[in-house]
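The values are calculated or read from the model by the stated rules, or taken from the named source; none is laboratory data. Given the structure is predicted, the values throughout are model-derived calculations rather than measurements. Every residue, glycine as well, gets a Cβ built from its backbone with ideal geometry; the counts of neighbours run over all protein chains shown.
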Amino acid sequence: MQLGAFKISKVVVVGDLYVGKTSLINRFCKDIFDRDYKATIGVDFEIERFEIAGVPYNLQIWDTAGQEKFKCIASAYYRGAEVIITVFDLADIQTLDHTKQWLEDALRENEPGSTFVFLVGTKKDLVSDAACERIELDAVRLANEMQAEYWSVSAKTGENVKEFFSRVAALAFEQS
Ligand code: GDP
Ligand code: MG
């Protein structure tokens with residue numbers, strides 16, 4: 001989408017409850033981490049400003065608490081997404097199994113080929129490097145199936161969070 005000279009891309013974050021979607025967004029947009037769980041209420045978005053090749057550029061990052069399960073909210077939430085970030089919890093491997101369904105729901109509301117997809121394993125600080133590598137074998141395979149790019153991050157330590165969103169912005173910017 002373009003507003004005057006301003007380029008803005010819609011990013012939606014999907015995945016099971018409690019996997020760390022809000023924490024990931026808060027770490028990136030506000031550089032904070034809150035260990036207490038606060039359910040996200042309704043639909044919320046943050047705007048993050050970038051400058052790429054001298055051009056002002058914004059990411060509009062959408063977060064929900066799962067109300068996207070309701071059809072009418074889902075359409076509005078997913079529609080026009082340029083980037084879909086599918087999140088699972090590295091410390092709760094079942095959440096990886098649900099990512100395909102989340103992605104399908106989001107893709108259904110968008111034109112084929114119009115979105116970039118990321119698969120992100122969160123809470124990297126909670127698993128050993130060995131465990132992480134094991135999980136990543138499955139995650140990377142799934143990412144390939146989804147035509148997604150795989151990343152692992154920790155909102156708690158901040159590991160890889162900035163790098164990840166820089167990549168999101170760079171890809172979305174190229175396409176816009
Ligand atoms: P959401 O329901 O997907 O939005 O999940 P939240 O972002 O609210 O996080 C759920 C819980 O996991 C909260 O208690 C967070 O503090 C915790 N959490 C989120 N990300 C991390 C992380 O990277 N490391 C650790 N150790 N805990 C995390
Ligand atoms: Mg949340």
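Results, tabulated for the structure shown:
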{"read-out": "Positions within the stretch 141-153 being surrounded by 15 or more Cβ atoms within 10 Å (Cβ to Cβ) and not in a loop (DSSP other than H, G, I, E, B), in sequence order", "value": "Leu142, Ala143, Met146, Ala148, Glu149, Tyr150, Trp151, Ser152"}
{"read-out": "Residue satisfying condition, being away from ligand 2 (no atom under 16 Å from the Cβ), β-branched (Val, Ile, Thr) and within 22 Å of Thr22 (Cα to Cα), within set Val120, Val127, Val87", "value": "Val127"}
{"read-out": "Yes/no for Ser166 being outside any loop (DSSP other than H, G, I, E, B), more than 13 Å from the chain's Cα centre (by Cα) and either at pLDDT below 95 or closer than 18 Å to Cys29 by Cβ (or both)", "value": "no"}
{"read-out": "Conditions (1) outside any helix (DSSP H, G or I); (2) touching a Phe, Trp or Tyr at 6+ places or on another chain (Cβ under 9 Å); (3) more than 15 Å from Lys21 (Cα to Cα); (4) hydroxyl-bearing (Ser, Thr, Tyr): number failed by Ser114", "value": "(2)"}
{"read-out": "Any hit, the stretch 70-83, residues being in a strand (DSSP E or B), touching a residue at least 60 places away in the same chain (Cβ under 8 Å) and within 14 Å of the chain's Cα centre (by Cα)", "value": "yes"}
{"read-out": "Pair list, Cβ < 6 Å and 6+ apart or interchain, from the stretch 12-34 residues that are near ligand 2 (Cβ under 10 Å from one of its atoms) to residues that are in a loop (DSSP other than H, G, I, E, B)", "value": "Leu17/Gly66; Gly20/Lys123; Gly20/Ala155; Lys21/Gly15; Thr22/Thr40; Ser23/Ala155; Leu24/Ala155; Asn26/Ile32"}
{"read-out": "Evaluation of Lys156 against (1) of a type in the set (D, E, K, R); (2) out of contact with any Asp or Glu (no Cβ under 6 Å at 6 or more places or on another chain); (3) at pLDDT 95 or above; (4) in a loop (DSSP other than H, G, I, E, B) (one fails), failing number", "value": "(2)"}
{"read-out": "Selection status of Gln101, surrounded by 14 or more Cβ atoms within 10 Å (Cβ to Cβ), modelled with pLDDT of 80 or more and outside any loop (DSSP other than H, G, I, E, B)", "value": "no"}
